[in-house]
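The structure appears below as structure tokens.
The values are calculated or read from the model by the stated rules, or taken from the named source; none is laboratory data. Nothing here was measured: the structure is a model prediction, and the numbers come from that model. Don't worry about glycine lacking a Cβ; one is built from the backbone with ideal geometry, like all the others, and counts go over all protein chains shown. With ligands, DNA and RNA removed, areas are computed over all heavy atoms of the protein, side chains included. Shrake-Rupley method; radii C 1.70, N 1.55, O 1.52, S 1.80 Å.
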Amino acid sequence: MSVSKDQLIDFIYDEARMLDEGRYDEWLALWLKDGHYWMPLDYNQTDPINVTSLMYEDLFMLKLRVERLNGARTFSQKPKSRCHHVLQRPFVDEMDEAAGTFVTKTFMHYVETRLDEQFLLALTVRHDLALADGKLRIANKRVDILNCDAAFRNIQLLP
Amino acid sequence: MGRYADNPAAIKALFRGNEVHRDVYIDPEIYKLEMKHLFANAWVFVGHESQTPNKGDYFSTQVGDQPVIQVRHSDGEVHVLHNRCPHKGTKIVIDRAGNTGKFFRCPYHAWSFKTDGCLLAIPLKKGYENTGFENSDNGKGMRAVGEVRNYRGFIFCRLAEEGISFEDFFDGSLSSIDNMVDRSPAGRLEVAGPPLRYMHHCNWKMLVENQTDTCHPMVAHESSAGTAVKLWEELDMPEGTPLPPAMEIIAPFMSPYEFFENMGIRTWPNGHGHTGVHHSIHSNYSAIPGYMEKMVEAYGEEKAKAILNENRHNTVYFPNIMIKGPIQQLRVFIPLAADKTLVESYIYRLVDGPEQLTARTAMYNRMINAPTSIVGHDDLEMYERAQEGLHSNGLEWVNIQRLYEEDEDFTQEKVENGTTERQMRNQFDAWVKFMTCDMDDVREAAE
Ligand code: FES
Ligand SMILES: [Fe+2]
């Protein structure tokens, strides 16, 4: 199966929309099972393991994260947070048709709100995508926050 | 004038032994007085020496509300200077860390200072001749803090020129730092990367108290740890499947009350104390191959075992840090206002220790203490609800009475049931002491 540039770009837009609409079961189904969601703490960080990151989560942790959002005793989600992504058109940086692997980079603005607070993050998001059973899947996702070294308040949803 | 300045009796009246008045958390005047008295008279954590390993390396931070610079002087010693030019007040360094070479140079009018703060040169110096400049404090250079101590790599300072000695202030509580450092076969730690920085809209003391609050994990963290346990059970793994590292870290938060009761709490004089006297949530982490052998080689079998059998949970060093010895973590609760606290969470690697331990610690830090951490979200929600709730006039006192005994004596080290709130009371006992020890008494003066 071949994948067009448009299909890759649509995939990125669809994923952001799932997060904004809270369609987490669909979102989890996008992932390959050994994928990681990485959000570095340091600018240009290269090591996710031996220094602190904001997030470096496998599928079990991601599942736990979204499962918790709906828990009856998840007090930090009473009331719930909402989020909103605005994407610039993704760049397709690598297309290896033979291997079925692709890399995109997308600049986004991410807004999250709860009660009277709202914050804005500027993001650079790298997706490593791969074909599995004829479908595009997320192999890895790296989310760099422009002001990653700033002191944040809660970031409760998924940028 | 406010109600509390120069009024030690009013300060003392805020702590009744088993309850504390809400003003300690919400009154801006109390915050100002804490900065002036408590954070000046106590020994406060600055940084780790490995953040400034080479001559001229500096690191800027805050002690209470005071901007300071930790810097490695040309003699190899670590100094702590006020981050303020003696000329017009300009901050000498603005970036968080760097190397200044042999001297600091103010960017405004180029006064320069040795890395111990002494004045080095002033352009057009002759303009100060016959002005009496040499008699001014400002002519001496950048002001150093009252006293600095490097304890096994951890830099503490006392802002006040005079006051309690480092040894008298910490006393037996240094055994927790010792245990953390001894876990390195080389007896040395190194900072691993930048700290997490997490902004809380609550009073700094709520965070410090929470470090020995053993009755909250199974309640406040049910949403995160409870859900983790449930998800793991649903996976229905065969009996005896080892827990993945994430579960090893998060599942113990759901331990029952008896676990926390039996773990024990120890208090030391001057507000220090720790949970996990007998065991802790860190006790059952899987062993890292080769580590014990290295420790035995470095210390001999008996001492190596003694070091690793200690599993202290959270050690509070009054006023505002907590360390976790078994995972080499340090959290500093920097008070920015009565209702604003910056939490910075550092991790350290064990020099000559296995890198897998650094990896576990980094995982702990991001899973539990990050602004993106689900466990962190649970805690912050509680602190901020408390900060808002305390404005209610329904009641004015906060209850810290669990396992309270009349006439508690905090001058003696003590071990008690792990769910006691004695450590919180111990902190307030020290709080009163260091708030009032150098406070004038207006009413006495008036008499
Ligand atoms: S303010 Fe620093 S030299 Fe003038
Ligand atoms: Fe907690």
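Legend: calculated FRET efficiency, A:Ser4 to A:Ala132, from the Cβ-Cβ distance at R0 = 22 Å, rounded to 0.05, equals 0.80.
When you restrict to C-alpha pairs under 8 Å that are six or more residues apart and normalise by the size of the range A:5-145, the relative contact order lands at 25 percent. What's the local net charge at B:Met254, with K and R +1, D and E -1, over the other residues with C-beta under 11 Å away? Value of the local net charge: 0. Considering only C-alpha atoms, what is the centroid distance from the range B:244-292 to the range B:62-119, in Å? After rounding, the separation between the Cα centres reads 40 Å. Projected onto their three principal axes, the Cα atoms of chain B cover extents of 86, 57, 38 Å, largest first. Taking every alpha-carbon pair in the protein assembly as shown and binning the separations at 10 Å intervals from zero gives 3, 15, 24, 25, 19, 10, 4, 1, 0, 0 percent. Largest accessible area first, the listed residues A:Leu32, B:Leu403, B:Leu196 line up as B:Leu403, A:Leu32, B:Leu196 when surface is computed with a 1.4 Å probe on the assembled protein chains. Legend: calculated FRET efficiency, B:Glu258 to B:Glu408, from the Cβ-Cβ distance at R0 = 30 Å, rounded to 0.05, equals 0.80.
Plainly put, the range B:189-435 has a radius of gyration that is 0.97 times its Kirkwood radius, both from alpha-carbon atoms, as the Rg/Rh ratio.
Against the compact-protein benchmark of 2.2 N^0.38 Å, the Cα-based radius of gyration of chain A scales to 1.04.
Neighbours of B:Thr90 by Cβ distance under 12 Å: Lys/Arg scored +1, Asp/Glu scored -1, total +4.
Each stretch of four or more DSSP H residues adds -39500 (n - 2.57); spread over every residue of chain B, this sum gives -8000 deg cm²/dmol at 222 nm.
For the range B:380-447, dividing the convex hull volume of the Cα atoms by the residue count gives 184 Å³ per residue. When A:Lys33, B:Lys230 are compared by accessible surface with a 1.4 Å probe, the order from highest to lowest is A:Lys33, B:Lys230. Taking each DSSP H run with n ≥ 4 as -39500 (n - 2.57) and averaging over every residue of chain A yields -6000 deg cm²/dmol at 222 nm. Working note: Debye formula, equal point scatterers on the alpha-carbon atoms of the range B:44-151, no solvent; log10 I(q)/I(0) at q = 0.09, 0.13 Å⁻¹ is -0.22, -0.45. Exceedance of the 31 Å cut-off in Cα-Cα distance is limited, within the set A:Lys33/A:Lys80; A:Lys33/B:Lys340; B:Lys114/B:Lys205, to A:Lys33/B:Lys340; B:Lys114/B:Lys205.
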